[in-house]
Each structure stands twice: as structure tokens, then as C-alpha cells.
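One structure is given below, encoded as C-alpha cells.
What follows draws every value from the coordinates through simple rules; no lab data is involved. Everything numeric in this text was worked out from a predicted model, so none of it was measured. Because the Cβ atoms are built from the backbone with ideal geometry, glycine has one as well, and the counts that use them run over all protein chains shown.
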Amino acid sequence: MLITGGSRGIGAATARLAAAAGYAVAVNYASDAGAAEAVVADCRSAGAAATPIRANVADEDEAVAMFDAVEAELGAVDVLVNNAGILHQQMRFDQMEVERWREVIDVNIVGAFLCAREAVRRMSTRHGGRGGAIVNVSSAAAYIGSPDEYIDYAATKAAVDTLTVGLGKEVAAEGIRVNAVRPGLIRTDIHASGGEPGRVERVAPSIPMGRGGEPEEVADAILWLASDAASYITATLVNCSGGR
């Protein structure tokens, strides 16, 4: 299993759960090598083969090289978890500069597209592969829209949803299942990136379940979609948002 953005939050929780389930795990990261090494150490402690791999998923050469390196060290990729993503400071849409949009689009859309493309090129029976699964990490923001916070981020996640549905149908007969998890308000440090570390506590009362979610709860959904237990599920979006 290759997990992009695997050094923190949902990605890290997915890596640890995958290791416990018996996967060899590749933990992709962009800059925090120490965090990635710590996740890899946890995976190895669980008895799994694991490796950290630095790559900017929005850079085509680096994305391709990442897949090549993972194959060389751990073998063919059976599952891609497209988790890498960024958001910026909360603000109104009319305050946003185009540079911000381009950065968010590059990582959240172009990065997801590049990694999905490379996975298909290697997994598809059309290309001599043995099949596999792609699980995209979208967001409840895709259907909420995130007004007054980060409409740009929400729009990129809506693009991930469309990628999931379209690609899932395109490669369904080629041994690849493509699904997405749409997390809601989850306790990760991404909220600090948006300028509000306490966002979970502020918004939690408005969630039908009355609480924020944990990264491990999202990771459980990801592992299920990657597994044979979801063998007849593709081109599907799964909300993991406490009813929000």
C-alpha cells in the first residue's frame, strides 16, 4: 500500500492500520522526514515491511519516480491511498489570491490525478498488471462548500469526487476499484493550517453525532474499501462525517 501524505493525520493512521493488517507500507511525505520515519518505525514494529519516500506528488517526475522506487523496494503497488492534500488560511473567496488557488489545485487535484494515473498504468490488466484498488481521500467540504473558510479547498475535493466516479467506471473491467472516503470534521492538525486549531471543538455541536471524528475511524473506512470485503464496490463516495 502506497499512502501519499502518510506522515501525519489520516495518512499516518492508515499506514499503522495497514501494517497491522499485513500490508507492506510506503509512507510518502513532502517535507517532514522525521514524522515519516516515526510512522515507518511504528509499521515495522507491527511486523510489516515499510519505507518512507519523499516526493512532491504535484511534480510529474517525482510522482513517477516515487512509484518506481516503491516497486523496487516493496514490490508492485496493490493499493494507492491518495491522501496528500493542503489547505490555507480561512478567508472569504474574494480575498484569495490566484497563487493560493494554484498551489491548492496543484497538490489536491494535479497530485491526485498524477498518482492515480501512475497506479492505473501499473495495476490495470490492460497494461499487464494484476489489478488493485485506489482509495481517494476527499472531504465533506466537497458537498458543504466551506463558505467563509476555504472554498478553494472544497472545490478541489469536488474534483477528487468526480475523478473517483469517472475513473472507477473507466477501469472497472481492468481489475481496479476506485472509491473515495469523504471525512468530515476529524481531529488532525490540518485545522491549524487553516488558522483555527480549535475548529473541531467549535463545530462539533452542529454535527448530528455531536463530536469530531478520529483519524483511525477514517482509516478503518479506507482499509475496508481497499479490502476484498468491498470487492463489488467501485466509483463510490463514502461519507465518514458523523452524519454532517
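A few notes on this one:
- When M209, M1, M96 are sorted by how many other C-beta atoms sit within 10 angstrom of their C-beta, beginning with the fewest, the order is M209, M96, M1.
- Rounded to the nearest 10 degrees, the inclination of helix 111-123 to the longest alpha-carbon principal axis of the chain is 20 degrees.
- 3J(HN,Hα) along segment 176-182, derived from phi through the Karplus expression 6.51 cos²θ - 1.76 cosθ + 1.60 where θ = phi - 60°, amounts to 10, 9, 10, 9, 9, 9, 10 Hz, with x in place of Gly and Pro.
- When Cα Rg over 2.2 N^0.38 Å is calculated for this entry, the matching label among [x] 0.95; [y] 1.13; [z] 1.03 is [x].
- Between 0 and 90°, nearest 10: helix 151-170 axis offset from the chain longest Cα axis: 30
- Among D220, D94, D106: highest mean-square fluctuation, GNM of the chain, C-alpha pairs under 10 Å: D94
- Near G129, the amide H atoms lying under 5 Å from its own belong to S124; only residues 5 or more places off or on other chains count, and H is placed 1.01 Å from N.
- Of all the options R44, R187, R102, the one that moves most in a Gaussian network model of the chain with Cα springs shorter than 10 angstrom is R102.
- Cα gyration tensor shape of segment 122-234, rounded if a/c is under 1.5, else prolate or oblate by comparing a/b with b/c: prolate
- Among I109, I134, I86: highest mean-square fluctuation, GNM of the chain, C-alpha pairs under 10 Å: I86
- Percentage relative contact order, segment 2-240, counting C-alpha pairs under 8 Å, at least six apart: 20
- With Cα atoms, 0 to 90° folded angle of helix 60-74 axis to the chain main axis: 50
- Taking a ≥ b ≥ c as the square roots of the Cα gyration tensor eigenvalues, segment 1-139 comes out oblate, since a/c reaches at least 1.5 and a/b does not exceed b/c.
- Among V77, V98, the ranking by other beta carbons within 10 Å of each residue's beta carbon, starting with the fewest, stands as V98, V77.
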